[in-house]
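Report on the structure given below.
Every number here is computed from the coordinates shown, using simple stated rules; none is lab data. A quick note: this is a predicted structure, and the numbers were derived from the prediction, not measured. Cβ coordinates were reconstructed from backbone atoms using ideal geometry, including for glycine residues, and neighbour counts include every protein chain displayed.
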């Protein structure tokens, strides 16, 4: 569903992402782990078209970002680590704005809106201006908007940061349910617990290169350890 | 006191680091600022020299007129400083990033407040302080006061600033105690804008040009209209007392009022520190107030709209809710009003040359629209701010996004332009053909103003800037003004022959007039307009497509 071919990003002399090759299948929940400055956010931003690609190609559902950008963008929803949203809009107006841009039909909007607004307990805040929202509330609004336009792929950069424990649990359950129904999820996280709990596949990136990839079971067997945390430290320290 | 020094050093270090790290952008900005200042000082000086001389020549009451005029100005300045210190105080006292850090440090509230007070006084008074230099230089020349008197008057502004800023901060400390900070700031900004425009209109409507050759009654009417209340409780009254005493009786007679005023300013400074000790932290701790929970209507009705209407709705909501945009609109109406008033007040004998005046009118309308475009349209793209990632990831191409903006703002500014030209046309009562040319020119100018505004706004887009309106004072504003002025100059040049021949044939009956002769010129103007807009928009699209968020 997501395919990265020789993906490379250079900032002057700094090689932020180095020849990354990756393929994530439909219905997978892919956890992208790595220390600070490893290239996680740059990779995600390249996939979303927010940062130019120095070399290589990105595909979602076989559609190339550079060749068919609009069709490509219809396929995914992105939730950034810092949820900057048009702050002079009310929450409800933002949801309507996004639903119209993604051409969501009225019935589907109503069904998903009722479901997710209640689930994330946002019904009492949607009439407020976004500028009054806390980090967690903005994050929830972005999650609701991406769930409403129900894309094939979710691309998430640290999606749990700022969320309360209840919302984290709800989101994890929702991701598992969506993945069972064929939605693909690409998620960067610093939390190894979340990766172990939710992800079906994990990739560890360091210094712009994938140093380990596979299902949790495969990675644990290969590195002869039961703890993903231990494996993470061992691999990233070896790469020093 | 040690903590105060420590914090002051902390801020000076930041300023020093900021200055020492020079990049191309900073060098350009500083150069432009210095150029602007180099232009600004002589302009203000000669403007006030002209005004003071003009007033001084009025028989018998010349000095009284100047006193009244200065009093009116200083009353305005005092209101401006109070309002701008209120606008500056909210972010500085409550929303600065370092506030959490400062309040978590083992430092007294009043120490933090004093540091912030210095910043507010600099932020809200520096511009007026700079204006005072040329204004009083002109005053010295006309009223013939020496350098010591000038310096004494200049120093007397310090208690004036302290009193005004203390009053503004006191009001903010009080208001934030009861109301949410952002709402208060928006309200004060709106009041500030209305006040400035109202003052400009008031001053223009006094019709100071009537002084030329005016009789005693006309002068007395102007004096009566220059109303500035004189009272112990108004800061400008104290300053004016010092200025008048120093001007007419020498420095020594200004010393006592200066000490009284300084004493008042110190008392107010101490009082506001005392009030801050009680109210500041309380206000800070409740600065982020969530709006009262407003439950959604039982059934929310989703309105399905197409991309264009969706974007339009968002832009209109932003325009209505963003007070900085209100101010642009207030300024816009102020400029239009003053322009039309000037046309209305044109002396009757000039109307013999109304075709020529009307031809120049096209250029003036263009300049007004260009100023409006710089304030209102140029910052539009940057106003998306850090939310621009939404635009980049949504399934609408950047090309469409920019085109939508061009359409929305072209329509808006064409309507504005047509209102100005039709109203001024009615006042000048010109021939139909000239009217048609003016409307044609206005539409083209507005198209260039809006198209280049959006295009260059995209080329120079800055999504991290705090106030997108600041683009006007940078290289973007300069380039935009240059481009639009260039187009207006082209347009006037290519239409000049048409208007001249029309004037000679219809008014002076010197020669035959054939409109077909000028078709080529009009086609060239249209082509230039499309090329300028096309190139700006193309460059803007390319820049946004490549932009990394």
Taking the Cα centre of each part, how many Å lie between segment B:405-450 and segment A:173-240? 63
Please find the FRET efficiency linking residue A:217 to residue A:103, where r is the Cβ-Cβ separation and R0 is fixed at 35 Å, and quote it to the nearest 0.05. 0.30
Quick one, what does Rg over Rh come out to for chain A if you take C-alpha atoms and the Kirkwood Rh? 0.97
Relative contact order, percent, of chain B when contacts are C-alpha pairs under 8 Å separated by at least 6 residues? 15
Once the Cα gyration tensor of segment A:145-228 is diagonalised, semi-axes √(5λ) in Å: 24, 14, 13
When every alpha-carbon pair in the protein assembly as shown is counted, what percent end up more than 53 Å apart? 26
Pairwise Cα inverse-distance average, inverted: Kirkwood Rh of segment B:29-115 (Å): 17.2
Please report, largest first and rounded to whole Å, the three semi-axes of the ellipsoid equivalent to chain B, where each semi-axis is the square root of five times an eigenvalue of the C-alpha gyration tensor. 43, 37, 21
Evaluate the distance, in nm, between pseudo-label points positioned 7 Å from the Cα of residue B:53 and of residue B:341 along their respective Cα→Cβ axes. 2.5
Please determine, in degrees from 0 to 90 and to the nearest 10, the orientation of helix A:91-101 with respect to the longest principal axis defined by the Cα atoms of chain A, where the helix direction is its Cα long axis. 70
Cα-based helix-to-principal-axis angle, A:228-238 vs chain A, degrees rounded to 10: 50
Equivalent ellipsoid dimensions for segment B:404-549 as semi-axes, Å, which come from the Cα gyration tensor, largest first: 35, 16, 12
According to a simple spin-label model (label point 7 Å from Cα along Cα-to-Cβ), what is the distance in nm between residue A:66 and residue A:36? 3.3
Where labels lie 7 Å past Cα in the beta-carbon direction, separation of residue B:506 and residue B:107 in nm: 7.0
Test of understanding: ordering A:227, B:429 by Cβ neighbours within 10 Å, fewest first, what list do you get? B:429, A:227
Linear extension gain, residue B:329 paired with residue B:431, 0.36 nm per residue minus alpha-carbon span: 33.6 nm
Between helix A:106-119 and chain A: long-axis angle, C-alpha atoms, 0 to 90°, nearest 10: 70
How much mean residue ellipticity at 222 nm does the protein assembly as shown get from its helices, if each DSSP H run of length 4 or more adds -39500 (n - 2.57) and you divide by all residues, to the nearest 500 deg cm²/dmol? -22500 deg cm²/dmol
Can you work out the base-10 log of I(q)/I(0) for segment A:1-94 at q = 0.11, 0.17 1/Å, using the Debye formula on its C-alpha atoms alone? -0.37, -0.82
